[in-house]
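Novice: This is the structure I have questions about; it appears just below.
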Amino acid sequence: MNIERWPEQLTATSAPIPSQDVILSNLTSPLPHTDKKKRRTSMSGQRQPNASTASRQGSPTRDVFNQLRLAKPAIICEPQATGSIPNTVLSLRQRLADGFGQSINPRSLESRIRESDPAGAVEIPEYAYFDSGHMLDAALGVMWNKLEEIRLQARHCDIYGKDENAWCLDVGPLSCNRQSQQIDADLLPMVRNNLTRINKKADYALAFSCRDPEVSSLYERVSLGGHGYSISQSTDTFNKRTVLFSGVEVKPDDGGKREALAQLAIWLKPLDLADWLLPTIGYTVVGHDWYVYIAYRIGNEVHVIGPISSVLADTRSTYGILKLRDLDSRVKQYALDVYWPWVRDKIIQPLSMHTLSED
């Protein structure tokens, strides 16, 4: 089992995960470079709007949320779930939160953390450490180098005001590039007033990889071969034929948290095509901060709840990066233990049993 994302490149510090049956991987198409030029402003040459004028100006992001609530199906974004909450959602939240951030920091790295980041070191709670006497010095060295690389790259992006492309490339998995993933137009929510579709993309996503023998066998019968079905919301030639699990929307440190949520909500909606679908997970990344959302369907509404405050993580400090690694491991285990068996048994295998004449 191997998720090719930067937290997984770190040496494992918690109990080993026994499951070896499914591989998750990133979408790895090259990310096109965008040169964003900043508009120059003059302190004396431009008239600044007063507070009352600014308050009357329309917010494109707020308008998107209003459109989503009126769309078909309606997409409701809320900080906390209201009304009836499916047991599958409660179980997922418990899976993410129980023991989060505990026993994730090797005691052998304590002195290095205090030397490189003394302010961050004093904020690490005692329960975050574990006895790492069984770990080899070489493994600890590799782990430390990766942690420092991520922390310093994130700091560099922050203090120099780099754009979201830089945050993706410098702070994300350093060996992988990413490309915005266009959503299939037929799966986008439809606005009631003018029947146009809200068109959004996701920066990247996780997929169940065809490098796993079981997954590859199913893909060959359903999507990459056989019927040639499109089984995800992406329009990418390859990725539309793989099962996608989670979307990630990235903004720079001064980027819009609400705008990122709007884009993520639209990405998650096509994953929830029937009310018996399991809840899915999505991230928004705004500079250092990683926020987790849970999407699920009730009747004719898709609910996107979050950010989940019990599992907040960031790249400002070593402990924040270790918490992000812990979060990544928990999301991965949900995908492997719960989501993949369901999507395999309820969707992919039934599709693979269709005869070509039925199409």
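Novice: Could you give every pair whose Cβ atoms fall below 6 Å, whose first residue belongs to the stretch 151-164 and is over 15 Å from THR315 (Cα atoms) and at pLDDT below 85, and whose second residue is assigned to a helix (DSSP H, G or I) and among the hydroxyl-bearing types (Ser, Thr, Tyr), counting only separations of at least 6 or pairs across chains?
Specialist: Close Cβ pairs (under 6 Å, with a partner that is assigned to a helix (DSSP H, G or I) and among the hydroxyl-bearing types (Ser, Thr, Tyr)) do not exist here.
Novice: Sticking with this structure for a sec: For the stretch 84-105, which positions are at positive phi and not hydroxyl-bearing (Ser, Thr, Tyr)?
Specialist: Selection gives GLY99, GLY101.
Conditions (1) within 30 Å of ARG69 (Cβ to Cβ); (2) modelled with pLDDT under 85, marked per residue:
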{"residue": "ILE294", "(1), (2)": "yes, no"}
{"residue": "LYS323", "(1), (2)": "no, no"}
{"residue": "ASP328", "(1), (2)": "no, no"}
{"residue": "ILE347", "(1), (2)": "yes, yes"}
{"residue": "MET353", "(1), (2)": "no, yes"}
{"residue": "ASP359", "(1), (2)": "no, yes"}
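Novice: Any idea which of ALA128, ALA81, ALA97 is of a type in the set (A, V, I, L, M, F, W, C), under 26 Å from the mean Cα position of the chain (by Cα), closer than 30 Å to VAL302 by Cα and modelled with pLDDT of 95 or more?
Specialist: The match here is ALA97.
Novice: Continuing with the same structure: Got a sec? Which of ILE150, ILE76, ILE85 is within 21 Å of VAL292 (Cα to Cα) and in contact with a Ser or Thr (Cβ under 7 Å, 6 or more places away or on another chain)?
Specialist: Checking each option against the conditions leaves just ILE150.
Novice: Could I ask something else about it? I'm told ILE75 meets every condition in (1) in a strand (DSSP E or B); (2) of a type outside the set (Phe, Trp, Tyr); (3) at pLDDT 95 or above except one. Can you identify the failing condition by its number?
Specialist: It is condition (3) that ILE75 fails.
Novice: Which of (1) at pLDDT below 95; (2) among the small types (Gly, Ala, Ser); (3) assigned to a helix (DSSP H, G or I) does GLY141 not meet, given it meets every other one?
Specialist: Of everything listed in (1) at pLDDT below 95; (2) among the small types (Gly, Ala, Ser); (3) assigned to a helix (DSSP H, G or I), GLY141 misses just condition (1).
Novice: What residue, of LEU278, LEU273, is in contact with a Leu (Cβ under 9 Å, 6 or more places away or on another chain) and at pLDDT below 75?
Specialist: LEU273 is the lone residue from the list that is in contact with a Leu (Cβ under 9 Å, 6 or more places away or on another chain) and at pLDDT below 75.
Novice: Could you please let me know if SER232 is among the small types (Gly, Ala, Ser), more than 30 Å from GLY320 (Cβ to Cβ) and either assigned to a helix (DSSP H, G or I) or at pLDDT 70 or above (or both)?
Specialist: It is false that SER232 is among the small types (Gly, Ala, Ser), more than 30 Å from GLY320 (Cβ to Cβ) and either assigned to a helix (DSSP H, G or I) or at pLDDT 70 or above (or both).
Novice: Within the stretch 58-73, is even one residue in contact with a Pro (Cβ under 6 Å, 6 or more places away or on another chain), in contact (Cβ under 8 Å) with a residue 60 or more places away in the chain and surrounded by 11 or more Cβ atoms within 10 Å (Cβ to Cβ)?
Specialist: yes
Novice: Please go through the stretch 283-292 and give me each residue that is within 14 Å of LYS251 (Cβ to Cβ) and either buried (at least 22 other Cβ atoms within 10 Å of the Cβ) or touching a Pro at 6+ places or on another chain (Cβ under 8 Å) (or both), ordered by number.
Specialist: Result: TYR283, THR284, VAL285, VAL286, GLY287, TRP290, TYR291.
Novice: Just one of the numbered conditions (1) modelled with pLDDT of 80 or more; (2) part of a strand (DSSP E or B) is not true of PHE245; which one?
Specialist: The single condition PHE245 does not satisfy is (1).
The values are calculated or read from the model by the stated rules, or taken from the named source; none is laboratory data. It should be emphasised that the depicted structure is a prediction, and the values quoted were computed from it without experimental measurement. Cβ sites come from the backbone with ideal geometry, for glycine too, and all protein chains shown count toward neighbours.
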